[in-house]
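Quick note: the coordinates plus some simple rules give every number you see, no bench work behind them. Remember, predicted model here, so these are calculated numbers, not experimental data. With ideal geometry, Cβ positions are generated from the backbone for all residues, glycine too; neighbour counts draw on all protein chains shown.
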Amino acid sequence: MSLLQVDGLEMHFPVRGGVLNRVVSHVHAVNGVSFEVRRGETLGVVGESGCGKSTLGKCLVRLHEPTGGSFRYDGVEYAHSNHGELMDYRSRVQMIFQDPYSSLNPRLTIRDCLREVILFHGTNYVERKGVREPIGADELILELVEKVGLRADAVDKYPHEFSGGQRQRIGIARALACKPEFLIADEPVSALDVSIQAQVLNLLMDLKDEFGLTLIFISHDLKVIEHFCDRVLVMYLGNVVEEIPCEELHASAQHPYTRALLGANPINHPSEKRELTVLEGDVPSPFDLPKGCAFAGRCPIAEPRCRESRPPLERKSSGHRAACFLVG
Ligand SMILES: Nc1ncnc2c1ncn2[C@@H]1O[C@H](COP(=O)(O)OP(=O)(O)OP(=O)(O)O)[C@@H](O)[C@H]1O
Ligand SMILES: [Mg+2]
């Protein structure tokens with residue numbers, strides 16, 4: 001059964017202008033996205049910069065209230081719930097942010113930052129054989145810091161005293177402090193040095209196993225997603241254009257955009273064959289979406305009808321959907 005069910009989710013940001021500061025247009029950041037995530041699964045979300053990945057994540061943790069559509073978590077609808085109704089949801093579903101430099105409060109030591117979260121969510125307990133026993137917040141803070149691979153003396157330091165990789169570990173500890181079931185990791189390593197990226201990714205996957213987490217993993221790098229995820233949603237300009245199990249990606253991906261992303265990955269070994277598809281043309285403006293397929297302007301196989309109407313996301317096989325008139 002699915003833990004998270006997303007139906008036609010939309011986030012259109014108003015753009016204001018003129019002397020009267022009226023709404024003059026909208027940015028169509030997320031444009032009717034539907035998918036589900038099963039308990040324990042890792043779902044990847046891939047797509048170019050600006051395609052709406054972070055906005056999707058922020059809607060799902062309700063940092064934004066979606067302007068359309070809905071989502072249910074564990075059977076309960078949260079897309080338009082108010083602050084009070086979201087209390088419990090917000091400790092169960094946590095997000096790790098793209099930028100480890102701006103996502104921590106610079107005025108709080110790590111201890112204070114984590115204590116604030118623990119006391120707010122009331123997570124200062126340990127669960128043994130299904131029974132909750134209270135523990136001190138300080139004890140839990142030390143445990144969390146150790147879990148994410150930092151030294152105990154890190155707790156009395158401020159965020160600026162840490163490197164990017166260490167800050168991202170603190171961001172992970174902060175998310176874990178809520179004892180979440182579901183994590184949305186928004187490009188957790190893209191701001192880090194390549195040498196540090198693998199360490200943080202491995203940490204995330206170890207924690208996922210240890211705590212039995214369900215994960216949405218956002219990245220613009222299909223290689224990383226393929227390595228860590230069970231299934232991937234490929235997004236283009238606010239839409240899902242393909243959804244496919246990662247193990248079928250190379251053999252069965254159909255959408256020309258997914259194929260282009262696969263072709264754009266660096267080669268692992270010179271003997272590995274790769275299709276060379278170079279994406280030409282510009283991404284259309286999210287202010288003024290084309291009537292037909294959003295990818296048509298850059299698609300190597302587009303026909304006139306692709307510019308006339310938008311292809312629906314159709315089921316191809318179990319777990320595989322693609323939105324293209326011309327494939328499959
Ligand atoms: N608060 C906001 N107000 C107005 N427009 C926004 C807001 N947040 C995002 N957008 C716009 O929505 C679109 C999607 O942005 P988003 O940050 O979700 O993309 P992304 O896929 O996460 O990109 P990146 O890979 O660069 O992180 C962009 O055109 C962006 O400018
Ligand atoms: Mg983003």
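Projected over every direction and averaged, the convex hull enclosing the alpha-carbon atoms of the chain yields 19.6 nm².
Take the Kirkwood radius over Cα pairs of the range 114-177, plug it into Stokes-Einstein at 25 °C and 0.890 mPa s, and you get 200 µm²/s for translational diffusion.
Counted by neighbouring Cβ atoms within 10 Å, the residues 126, 194, 327 run from fewest to most as 194, 126, 327.
Sequence-ordered 3J(HN,Hα) estimates for the range 227-243 from the Karplus curve with 6.51, -1.76 and 1.60 and θ = phi - 60° stand at 6, 10, 10, 7, 9, 10, 9, 9, 10, 9, 6, x, 10, 8, 9, 7, 10 Hz, glycine and proline given as x. As a length-normalised measure over Cα pairs under 8 Å and 6 or more apart, the relative contact order of the range 22-127 settles at 16 percent. Here the average projected area of the convex hull drawn through the C-alpha atoms of the range 144-241 stands at 7.1 nm².
Using the empirical formula 2.2 N^0.38 Å as the baseline, the Cα radius of gyration of the range 212-263 reaches a ratio of 1.08.
Based on DSSP, what percent of beta bridges with both residues in the range 2-229 are antiparallel, to the nearest 5? Antiparallel bridges: around 65 percent, rounded to the nearest 5. In the chain, helical runs assigned H by DSSP with n ≥ 4 each contribute -39500 (n - 2.57); averaged across all residues and rounded to the nearest 500, the mean residue ellipticity at 222 nm is -8500 deg cm²/dmol. For the chain, a Gaussian network of Cα nodes joined below 10 Å ranks 251, 198, 79 by mean-square fluctuation, and the top entry is 251.
Seen from all directions on average, the range 64-187 presents a Cα convex hull projection of 8.8 nm².
The spacing between the range 174-252 and the range 298-324, judged by their C-alpha centroids, is 25 Å.
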